[in-house]
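To start, the structure itself, in structure tokens.
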Amino acid sequence: MTVARKKAAQAQRGHPQRAQTQRGRADTSPHDALVLLTAEHNLIDKLVRQFDRARKADDPVDKGKVALRICHAMEIYAVIKHEVLYPAAEAVLEGEDKALLSKASVRHDGIQELIDKVENTPADDPTFDALVTVLGEEAGRLMKQEEKELFPRLRHSRLDLLGTGERMAARKTELGTAPIDRDTIRQARQVITGRD
């Protein structure tokens, strides 16, 4: 587990870790944009491992439920990045750093296609396990690349990480508490049970 992931996990549990800065010691806020994103990475990794356990147990209902939770977490993650982080980062990044941001955005579009396929495939379909596994692998690659290449550049940029993180947290809360429409419920029922 990387240092950033440990800090995100501790911040998520309410134990903010102290980080060394040039002026001394300062708290890392759980609303720091990169800490929030790393916590989302941890959540998605946890759900992918949970799916793997459900897949081995060969229970289509459990597999369907966990797969939909992965899709929901990935969709919220993508929305907060596309609506809040990317515009803010694009305003302060230049050249190669901005190109890295564009690549991440394109990869998210590919992941969204996989999410759509998972959400429209019954859990007892022979291709379901492969679809969710590939979704988990692609998401893992994207998150690892962001943590390795993009996050350090954002940390050392002029980006207001606390302000951006607070806007991201507010948007995440808004998305997580939004009412669910009947079509979404019907679609989830179809994935879990294979029937309408």
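The values are calculated or read from the model by the stated rules, or taken from the named source; none is laboratory data. All values reported here derive from a predicted model rather than from experimental measurement. Here the Cβ positions follow ideal geometry from the backbone for every residue, glycine too, while neighbour counts run over all protein chains shown.
Within the option set 65, 56, being without any contact (Cβ under 8 Å) to a residue 12 or more places away in the chain, of a type outside the set (Asp, Glu) and part of a helix (DSSP H, G or I) holds for one residue only, 56. For residue 20, the criteria (1) in a helix (DSSP H, G or I); (2) modelled with pLDDT under 95 hold in every case but one, which is (1). Where helices (runs of 4 or more DSSP H) fall entirely within the stretch 84-196, those with at least 2 residues that are without any contact (Cβ under 8 Å) to a residue 40 or more places away in the chain and of a type outside the set (Gly, Ala, Ser) are at 86-92, 95-119, 128-145, 161-176, 182-193. Total residues in the stretch 41-62 satisfying the condition of being small (Gly, Ala, Ser) and within 27 Å of residue 148 (Cβ to Cβ): the figure is 0.
Pairs linking a residue in the stretch 29-48 that is aliphatic (A, V, I, L, M) to a residue that is part of a loop (DSSP other than H, G, I, E, B), with Cβ atoms under 8 Å and 6 or more positions apart or on different chains, are 33/159; 35/28; 35/29; 36/30; 39/30.
Could you check, for the stretch 101-117, whether at least one of its residues is over 22 Å from residue 172 (Cα atoms), surrounded by 17 or more Cβ atoms within 10 Å (Cβ to Cβ) and touching a helix residue (DSSP H, G or I) at 6+ places or on another chain (Cβ under 9 Å)? No, there is no match, as no residue in the stretch 101-117 is over 22 Å from residue 172 (Cα atoms), surrounded by 17 or more Cβ atoms within 10 Å (Cβ to Cβ) and touching a helix residue (DSSP H, G or I) at 6+ places or on another chain (Cβ under 9 Å). Taking the stretch 172-190 as the range and being surrounded by 17 or more Cβ atoms within 10 Å (Cβ to Cβ) and either among the basic types (Lys, Arg) or modelled with pLDDT under 80 (or both) as the test, the residues that pass are 172, 190. Just one of the listed residues (28, 38) is at pLDDT 85 or above and surrounded by 14 or more Cβ atoms within 10 Å (Cβ to Cβ), namely 38.
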